1. Provide a single number: the residues in the stretch 209-256 that are among the charged types (D, E, K, R) and either in contact with a Cys (Cβ under 6 Å, 6 or more places away or on another chain) or within 15 Å of residue 135 (Cβ to Cβ) (or both).
2. Restricting attention to the stretch 1-50, which residues are of a type in the set (A, V, I, L, M), at pLDDT 90 or above and in a loop (DSSP other than H, G, I, E, B)?
3. Which ones in the stretch 128-147 are modelled with pLDDT of 90 or more, open to solvent by 20 Å² or more (accessible area, probe 1.4 Å) and either over 14 Å from residue 164 (Cα atoms) or small (Gly, Ala, Ser) (or both)?
4. Could you check how many residues of the stretch 51-74 are assigned to a strand (DSSP E or B) and open to solvent by less than 60 Å² (accessible area, probe 1.4 Å)?
5. How about the stretch 119-193: which helices (runs of 4 or more DSSP H) wholly inside it have at least 1 residues that are within 23 Å of residue 240 (Cα to Cα)?
6. Does the stretch 97-127 hold any residues that are of a type in the set (Gly, Ala, Ser), within 30 Å of residue 140 (Cβ to Cβ) and modelled with pLDDT of 90 or more, and which are they?
7. Quick one: residue 171 ticks every box in (1) at pLDDT below 95; (2) of a type outside the set (Lys, Arg); (3) under 30 Å from residue 259 (Cα atoms); (4) open to solvent by 50 Å² or more (accessible area, probe 1.4 Å) except a single one, so which number is it?
8. Go through the stretch 203-246 and give me each residue that's open to solvent by 50 Å² or more (accessible area, probe 1.4 Å), in contact with a Phe, Trp or Tyr (Cβ under 9 Å, 6 or more places away or on another chain) and at positive phi.
Amino acid sequence: MQLKVPEHQVAGHIAKDGKPGPLVDDKGRFFKPLQGDSRGENEVKFYESFSTNTEVPDHIRRFFPVYHGTQAVEGSDGAAMIVLENLLADYSKPSVMDVKMGSRTWYPDASEEYVQKCLKKDTGTTTVSAGFRISGFEVYDHKESSFWKPERKLLRGLKVDGARLTLRKFVSSNSLSDMGSKPDSAFVSSVYGGSNGVLTQLLELKTWFENQTLYHFNSCSILMVYENESILKGNDDDARPQVKLVDFAHVLDGNGVIDHNFLGGLCSFINFLRDILQSPDESAES
């Protein structure tokens, strides 16, 4: 089995200080290191529960990575890894964005130290003000024939207007490296709009979250993926915009209660994208 470091990781844990990072193989699988504390155990518990839960509708399962169990991987000090579907395997030049959902990212019964750590980040970003924050993104720059990815510290400083600008830049073809430039939103209708676009997929998720009380998705992210090169060639259908939920280390049982934290963030995010779709020209926004 040939394993390599994923090319397009925009958020989450990476290999450092001797600890293994995520890996991918050539069979469409993604190997995520199992965190040694309760987070790793909790994520496996979620995947085991979710993959066998008959109360989850089939049309909702497509928004989650397929789970292939856990496996010890050679070359990673025998570290146990969660084996998942590689969400980017079928894209040649994917543009990817990770958006952490909810107006708070800590979970009930978290330690005071952890709550304060999250609170500092939540209040310093758009998590509290907008109900979500952009954790990372990467766009294929067809003019440079390379990928462009802003530094995470730059994204951590975004306020609401900056988040809106970044969501436009994610679907633009110009001035990618200049965060202050006016994006052209060239791909907005092909990616965010349409019957199979991001907004339609998010609305389908929203309908489920308005009723589901199985799980509370604390500190989870929405991953958006698309291929912009095909749009430039006039093949909008090959853009294949895709929405997935990822990062389930802090998921808890819903106990019959709606997950208002995630739902509120999702509704806010939908409104941001809807505004961008309705006013592709940034100057038309109020």
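The values are calculated or read from the model by the stated rules, or taken from the named source; none is laboratory data. None of the values given here were measured: they were computed from a predicted structure. Positions of Cβ are generated from backbone atoms using ideal geometry, with glycine treated the same way; all protein chains shown enter the neighbour counts. Note: areas computed on protein heavy atoms with side chains; ligands, DNA, RNA excluded. Shrake-Rupley method; radii C 1.70, N 1.55, O 1.52, S 1.80 Å.
1. Qualifying residue count for the region: 2.
2. Those that are of a type in the set (A, V, I, L, M), at pLDDT 90 or above and in a loop (DSSP other than H, G, I, E, B): none in the stretch 1-50.
3. Within the stretch 128-147, 128, 129, 135 qualify.
4. Residues meeting the conditions: 2.
5. By residue number, 160-169, 188-191.
6. 102
7. For residue 171, the exception is condition (4).
8. Within the stretch 203-246, 240 is the sole residue that qualifies.
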